[in-house]
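**Q** Encoded as C-alpha cells, here's the structure I'll be asking about.
The values are calculated or read from the model by the stated rules, or taken from the named source; none is laboratory data. If you're wondering where the values come from, they're calculated on a predicted model, not measured in any experiment. Virtual Cβ from ideal backbone geometry, glycine too; neighbours counted across all protein chains shown. Just so you know, the surface numbers come from the protein's heavy atoms only, side chains and all, with ligands and any DNA or RNA stripped out. Shrake-Rupley method; radii C 1.70, N 1.55, O 1.52, S 1.80 Å.
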Amino acid sequence: MTDLSKIANAIYDGEAGTVSELTKAAIEEGMSATEILENGLMAGMNHVGKDFKEGELFVPEVLVASRAMREGMEILKPLLVTQKIKSPGKVVLGTVKGDLHDIGKSLVAIMLQGAGFEVIDLGVDVSKETFLQAIVDHQPVILGLSSLLTTTMVQMPEIIEAVKTAGLRGKVKIMVGGAPLNADYAAKIGADGYAQNSSIAVDLAKSLIS
C-alpha cells in the first residue's frame with residue numbers, strides 16, 4: 001500500500017511528479033479520496049504552514065510546495081466531487097482597489113486551499129462593488145481583504161460599511177491582512193479578525209467558522 005506520509009513529504013519537498021505518481025498509485029490501490037486528501041496532501045501543506053510560520057521555510061518553498069499540492073488535487077478533484085466531500089466553506093479573497101500587491105494574498109489562498117477551503121481569488125485592485133457582487137454570487141463564509149499600502153488600507157472600512165449597507169454583514173465573516181495593518185485597526189474598522197501571515201490566516205479562518 002502507498003504510504004501517504006510519502007505524499008506529504010513530497011509536497012513539503014515540492015516534488016510535483018512524485019506527488020502525482022503516488023496519488024495515482026493510492027487511488028489504484030483503492031484508498032478513498034478523503035483519506036489521500038487528509039493524510040497526504042493536507043498533511044503535507046500543514047507541515048509547510050507550520051514551518052513557514054516558524055521561519056524555517058520561506059515564500060519560494062511555499063510556492064513550490066503549493067504547485068506540488070495542486071498536482072495531487074487535480075487528480076483527486078473528480079473523485080472528491082463524486083464523494084461529495086464537504087469543504088469547510090467558500091472564501092472570497094482580494095487585494096483592495098488601488099493596490100496591485102498579491103504575493104501575500106496568493107499565499108493565503110494557497111494555504112486556505114491546502115486546509116480544504118474553496119477559494120475564490122478576485123485578484124488585485126478589486127473594487128467595493130466587485131467584492132459585494134462576489135458575496136452575492138458565491139455566498140462565502142469568509143471575505144478576506146488584503147492591502148500592502150497605507151494609502152489603500154482606507155478602502156477596507158468602506159468595503160465593510162458597504163457590506164453592512166447591502167444587508168450582507170450577518171452572512172459573512174470578514175478578515176483582513178497586509179503589512180500596514182494590525183489587530184487594533186481590524187477591530188476599529190469592524191473586521192472579525194486580522195492575520196499577519198498566511199498560516200495564521202488559516203487558523204483564523206477555521207476559528208471564525210467554528
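**Q** When we measure straight from the Cα of K105, which aspartates and glutamates land under 13 angstrom away, once same-chain ones fewer than 8 places off are left out?
**A** Cross-link targets: D121, D125.
**Q** In the P(r) worked out for segment 102-210, what percent of Cα pairs fall beyond 19 Å?
**A** Value for segment 102-210: 38 percent of Cα pairs lie more than 19 Å apart.
**Q** Using the C-alpha atoms of segment 12-129, what convex hull volume per residue, in cubic angstrom, is computed?
**A** Details: hull volume 12.6 nm³, N = 118.
Hull volume normalised by residue count: 107 Å³.
**Q** Which GluC sites (Glu not before Pro) in segment 53-125 sit in a loop by DSSP (not H, G, I, E or B) and have at most 11 other Cβ atoms within 10 Å of their own Cβ? Walk me through the numbers before you get to the answer.
**A** Working: sites: E54, E56, E61, E71, E74, E118; in loops: E54, E56.
Qualifying residues, ordered by number: E54, E56.
**Q** Starting from the eigenvalues of the Cα gyration tensor, five times each then square-rooted, give me the equivalent ellipsoid semi-axes of the chain, largest first, whole Å. Walk me through the intermediate numbers first.
**A** On the way: eigenvalues 210, 68, 34 Å².
Taking √(5λ) for each Cα gyration eigenvalue gives 32, 18, 13 Å.
**Q** Given labels modelled 7 Å from the Cα in the Cβ direction, how far is it in nm from K50 to I27?
**A** Placing both labels 7 Å beyond Cα along the Cβ direction yields 2.8 nm.
**Q** Sticking with this structure for a sec: Calculate the radius of gyration of the Cα atoms of segment 1-69 to one decimal place, then report Dmax, the largest Cα-Cα distance, as a whole number, both in Å.
**A** For segment 1-69, the Cα radius of gyration and maximum Cα-Cα distance read 11.7, 37 Å.
**Q** To the nearest 20 debye, what charge dipole does the chain have about its Cα centre, counting +1 at the Cβ of each Lys and Arg and -1 at the Cβ of each Asp and Glu?
**A** Numbers: 19 positive and 26 negative charges, 164 e Å.
The calculated dipole for the chain is roughly 780 debye.
**Q** Another question, then. Please calculate the 1.4 Å probe accessible area of M111, with all protein chains present, and give it to the nearest 10 Å².
**A** 10
**Q** Each residue of segment 101-108 in turn: what ³J(HN,Hα) in whole Hz from Karplus with 6.51, -1.76, 1.60 and θ = phi - 60°, glycine and Pro shown as x?
**A** Computed from phi, the couplings for segment 101-108 are 7, 9, 5, x, 5, 5, 5, 4 Hz.
**Q** Using only helices, what value at 222 nm comes out for the chain when you add -39,500 (n - 2.57) per DSSP H run of length 4 or more and divide by the total residues, to the nearest 500 deg cm²/dmol?
**A** Calculated from helices alone, the mean residue ellipticity at 222 nm is -16500 deg cm²/dmol.
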